[in-house]
Amino acid sequence: MRKLELHWQILIGMILGIVFGFGMTYIEWGRDFVQDWINPFGTIFVKLLKLIAIPLILASLIKGISDLKDISKFRNIGLRTMGIYITTTIIAITIGLVLVNIIKPGEGISTETITKLTETYASDSGVTSKIEEATRQKEGGPLQFLQDMVPDNAFGALSDNSLMLQVIFFTIFLGISMLLIGEKRSKPLKKFFDSLNDVVLKMVDLIMLTAPVAVFALLANVVVSSGDPDLLLALLKYAGVVILGLFLMIVFYCIVVATYTKKNPFWFLKEISPAQLLAFSTSSSAATLPVTMERVEEHIGVDKEVSSFVLPVGATINMDGTSLYQGVAAVFIAQALGFDLTLSGQLTIVLTALLASIGSAAVPGAGMVMLVIVLESIGFPSDKLAIGLALIFAVDRPLDMCRTIINITGDATVAMVVAKSVGKLGKPHVKEWDEYYGKDKNS
């Protein structure tokens, strides 16, 4: 009997989790049961993925750089990556702004709904914490993000998943230094990281065996933790605009894959789907990164020289889905609260959302912190910020899940484009989790 493919197993787990979650909402003790006895399995799964994220970046990126043998090749890959990431982010923001200006979802929100949303969420700790975090980020100078990229303690950076840019900086610095001392003297260190990379990738395979159960637990908890259904329905038009924009980004990626890499876009979506489904379940590009790297390298055929740089950097600075959401949410809030938004204000949204995406945390909820920065950049009244966030807070988590799919799909697309441009897009080579088990392998 043929084994059911992983993406189908995960999809079944997601559907069962949603159905189970809805069922438990009708039972008095259902929510507590899910949070106490079901959700921990999802939390453990996410922790395991985060556990190996930094070791994977460290080993994979050093292996990729050291395999290049030439710093000029690394520079070539780096410049292409950054240029394409900036381009796709601008396209995403533009799509969001065009849709929200055409459909105008904010004009359909009644005064009663605004009042109810404000009363429900304006003083919520989730809203106030996002405003405080955005204020803290804005207090830094214009080059603060560059300062934040450079760690003053390598071990401190390696011990904190939120310092992903610092880890990438240190790893690139170490990899380039290995190239400069020559292959002979760097060989012992290279062999160590090559072996570590293989071990961590095997850990990814083992963790993924539990993915269907984990997404069942994660989705069940999301459903039982959802807010007032009436408020969710009131924001349906706004949510629909965001989801339509995200769908158009998927179409854009498919066009790029088909026209530039000459690969079947449906094949691409099928191969990356386990990472997409995990991105939806976890709402975290960083947590999904190990799976994204495994799918892109083994199932799509992108060489590690490319993927080891493009994907970790993308998980930190390439936020196409989140940036699109920034544009839609900012204009929606302005429409709903009667704030006059000029053309120059909308161009400011494009620029600010682009800059805010660089270095923003690849974790759930980071998009709302970026949104506060975007709103303040267009002169939105500070005393209405809490009201503005309250308008969208009810649907932020489900939309966060959807936009994370776009974030990691964008990363995978750019990895394919860069690999194709430097002749590093080859044939897939899938490794099974137990391919060495019970075999005498010396290499």
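Here, each number is a calculation from the coordinates, and none is a lab measurement. Keep in mind that this is a model prediction, so the values were computed, not measured. Backbone-built Cβ (ideal geometry, glycine too); neighbour counts: all protein chains shown.
Too long at a 23 Å Cα-Cα cut-off: which of K270/K427; K184/K427; K63/K202?
Those over the limit are K184/K427.
Taking the chain as the reference, fit the longest principal axis to its C-alpha atoms, fit the long axis of helix 236-256 to the helix C-alpha atoms, and give the angle between the two in degrees, 0 to 90, nearest 10.
30
Roughly speaking, what is the stretch gain from D152 to F192, that is 0.36 nm per residue apart minus the C-alpha to C-alpha distance, in nm to one decimal?
Result: 11.9 nm gained on full extension.
Looking at the range 6-421, what % of the alpha carbon pairs are farther apart than 32 Å?
Distances greater than 32 Å cover 36 percent of the Cα pairs.
What ranking, highest mean first, results for peptides 284-293, 300-309 when packing means the other Cβ atoms within 10 Å averaged over each residue?
The densest-packed peptide leads the list: 284-293, 300-309.
Ordered by packing density, taken as the mean number of other Cβ atoms within 10 Å over each peptide's residues, highest first, how do 382-391, 402-411 rank?
In descending order of packing, they fall as 402-411, 382-391.
Multiply the residue separation of R397 and E5 by 0.36 nm, subtract the distance between their alpha-carbon atoms, and state the gained length in nm to one decimal. Display every interim value, and only then the final one.
Numbers: separation 392, 0.36 × 392 = 141.12 nm, distance 2.79 nm.
Working it through step by step, the gained length comes to 138.3 nm.
With a 10 Å cut-off between alpha carbons and a GNM built on the chain, which of N161, N197, N153 moves the most?
Checking each option, the largest mean-square fluctuation is seen for N153.
For a quick check, take a GNM of the chain with Cα springs below 10 Å and name the residue from V296, V328, V256 with the largest mean-square fluctuation.
Evaluated over the chain, the most mobile residue of the options is V256.
Please go through the residue pairs K130/K424; K50/K190; K191/K420; K47/K104 and name each one whose alpha carbons sit more than 29 Å apart in this structure.
The answer is K130/K424; K47/K104.
Give the aspartates and glutamates reachable from K237 as a straight Cα distance under 17 Å; neighbours fewer than 8 places away on the same chain don't count.
Hits, sequence-local ones excluded: E107, E112, D228, D396, D400.
Of L48, F22, I77, whose Cα points farthest to the positive end of the dipole of the range 1-142 (charges on the beta-carbon: +1 Lys, Arg; -1 Asp, Glu; origin at the Cα centre)?
Result: I77.
In angstroms, what radius of gyration and Dmax does the range 95-162 have, counting Cα atoms only?
Final numbers for Rg and Dmax: 19.2, 52 Å.
Just the number: Rg to Rh for the range 294-426, Cα atoms, Kirkwood Rh, two decimals.
1.07
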